[in-house]
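Participant: I'd like to ask some things about the structure below.
No value in this document is a laboratory result; all are computed from the given coordinates. Bear in mind the structure is a predicted one, so any value in this text is a computation, not a measurement. Positions of Cβ are backbone-derived with ideal geometry, glycine not excepted, and every protein chain shown enters the neighbour counts.
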Protein chains: 2
Amino acid sequence: MPRAGLSTQAVVQAAVEVIDEHGADALTLAAVASRCGVAAPSLYKHVGSLAELKIQVGVRVLHELADRFAAAAMGRSGQDAITALMHAYRAYVAAHPARYAVMPVDPLHHPALAAAGIRQLEVIQAALRPWQLDAAAQVHTIRRLRVIAHGFASLESAGGFGLPDDLDETYQQLIDTFFDSLPTHS
Amino acid sequence: MPRAGLSTQAVVQAAVEVIDEHGADALTLAAVASRCGVAAPSLYKHVGSLAELKIQVGVRVLHELADRFAAAAMGRSGQDAITALMHAYRAYVAAHPARYAVMPVDPLHHPALAAAGIRQLEVIQAALRPWQLDAAAQVHTIRRLRVIAHGFASLESAGGFGLPDDLDETYQQLIDTFFDSLPTHS
DNA sequence: GCCGAAAAGCTACTGCCATTAGCCATCGCC
DNA sequence: GGCGATGGCTAATGGCAGTAGCTTTTCGGC
């Protein structure tokens with residue numbers, strides 16, 4: 001009886017692969033166990049429950065997106081940086097549509113997810129710095145960005161747009177009107 | 001053994017009530033059967049499967065929202081009509097957050113859902129008529145509206161906004177910037 | 001190198017769920 | 001009043017999450 005040498009992170013990785021290959025609904029302990037070459041109850045040595053595994057997957061996905069954000073913003077500023085963030089968001093969701101379905105939309109309400117959520121927020125706040133918005137305006141501005149990015153990405157990844165034509169153009173229009181809503185910056 | 005007198009629509013109604021009371025994840029045939037005062041297998045006389053029931057619930061919810069749309073647009077035109085539609089959308093989702101989680105985002109891709117989806121679309125097209133957009137511009141404009149409404153509503157209903165303050169203001173800003181993106185109409 | 005404890009597997013089991021099969025009571029119509 | 005269609009039932013299957021308790025491996029301390 002050789003040991004499989006699992007770890008919590010290995011189980012999370014297998015879970016992400018299951019999601020990528022068979023969709024978010026196919027994330028079951030049985031499927032993850034099978035992919036790990038292990039019996040289902042053995043997974044409980046590494047994760048507390050299916051619900052906890054889903055949270056861990058959420059953490060992983062949030063961090064991946066935060067990484068893309070950080071990479072996209074690096075070396076850019078102002079309008080250029082925001083545009084890069086928006087495209088990074090859409091590109092991540094397009095590359096991993098099933099992962100987006102398990103990305104929690106309210107990370108700040110869960111302690112295990114908050115850190116990953118805050119990482120994303122900080123990158124956006126930094127990119128908005130040139131506009132010198134006051135606190136209230138900054139809240140509304142980040143919300144508007146989020147609505148646009150999440151709204152578009154969730155519809156696109158779920159096949160919500162009837163025709164797939166010219167989606168780049170639609171997204172660009174949304175980004176353009178977002179900039180129109182901002183005061184001109186220094 | 002008196003008869004319960006069920007029907008497909010009664011089962012769908014019970015399913016909606018289960019969703020309203022216990023969330024979208026609690027929609028199970030066992031729960032619906034219990035609410036109908038019937039054993040679970042009896043439901044199969046009225047619905048083909050749980051998956052089919054979910055689609056029927058989707059149809060019901062799409063039609064409810066289309067009704068709200070039609071009511072909101074009635075007697076209004078132009079900017080006034082669009083504003084009313086956007087508020088109707090948000091109000092419906094706020095009143096029935098759990099139903100929104102089961103509302104299909106790609107109704108046009110499923111024959112049973114398409115009719116309900118098209119009803120919504122037609123109301124929006126009518127409201128946009130004063131701007132006399134050409135076909136391509138109309139597609140992008142409706143997509144932008146949908147992104148804003150769905151993005152905001154899905155985040156709000158899922159508790160995605162960290163602080164609940166001033167959400168009216170954020171939504172109004174989104175609507176305002178949408179109008180800024182339109183040409184001035186007759 | 002050895003030993004003991006912790007860690008990582010396993011099988012067996014429970015309970016919930018969807019779904020199927022097949023039985024029986026009820027209803028509506030003639 | 002009888003008969004077929006309809007709507008309900010119980011029993012059973014198979015998949016799933018999760019628990020209990022056992023066995024084997026691993027590894028640090030000696």
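Participant: From the residues in the stretch A:124-145 that are within 9 Å of chain B (Cβ to nearest Cβ) and not basic (Lys, Arg), which one is farthest from A:ALA71 (Cα to Cα)?
Facilitator: Checked the stretch A:124-145; the qualifying residue farthest from A:ALA71 (Cα to Cα) is A:ALA136.
Participant: Going by what's in this entry, would A:GLY78 be described as closer than 25 Å to A:GLY5 by Cβ and surrounded by fewer than 19 Cβ atoms within 10 Å (Cβ to Cβ)?
Facilitator: No: the conditions fail for A:GLY78.
Participant: Testing A:TYR89 on (1) farther than 21 Å from A:ASP168 by Cα; (2) part of a helix (DSSP H, G or I); (3) more than 13 Å from DNA strand C (Cβ to nearest atom), one condition comes back false. Which one is that?
Facilitator: (1)
Participant: Has the stretch A:159-166 got any residue that is assigned to a helix (DSSP H, G or I) and either away from every other protein chain (no Cβ under 13 Å) or under 18 Å from B:ARG144 (Cβ atoms) (or both)?
Facilitator: So far as the stretch A:159-166 goes, no, none of its residues is assigned to a helix (DSSP H, G or I) and either away from every other protein chain (no Cβ under 13 Å) or under 18 Å from B:ARG144 (Cβ atoms) (or both).
Participant: Could you count how many residues in the stretch B:7-28 are surrounded by fewer than 18 Cβ atoms within 10 Å (Cβ to Cβ) and within 12 Å of DNA strand C (Cβ to nearest atom)?
Facilitator: Total satisfying the criteria: 4.
Participant: If a residue has to be in contact (Cβ under 8 Å) with a residue 40 or more places away in the chain and more than 8 Å from DNA strand D (Cβ to nearest atom) to count, how many in the stretch B:23-64 make the cut?
Facilitator: 14
Participant: Which condition number does B:ALA101 fail, the rest of (1) within 14 Å of another protein chain (Cβ to nearest Cβ); (2) among the small types (Gly, Ala, Ser); (3) within 21 Å of A:THR177 (Cα to Cα); (4) surrounded by 15 or more Cβ atoms within 10 Å (Cβ to Cβ) being met?
Facilitator: Just one mismatch for B:ALA101, condition (3).
Participant: Is it the case, given these coordinates, that B:ILE148 is hydrophobic (A, V, I, L, M, F, W, C) and more than 9 Å from chain A (Cβ to nearest Cβ)?
Facilitator: no
Participant: Oh, and also: Would you check if there is a residue in the stretch A:112-123 being touching a helix residue (DSSP H, G or I) at 6+ places or on another chain (Cβ under 7 Å) and among the basic types (Lys, Arg)?
Facilitator: Yes, the stretch A:112-123 has at least one match.
Participant: Also, quick follow-up: So is A:VAL18 of a type in the set (A, V, I, L, M, F, W, C), more than 14 Å from chain B (Cβ to nearest Cβ) and within 14 Å of DNA strand D (Cβ to nearest atom) or not?
Facilitator: So A:VAL18 fits the description; yes.
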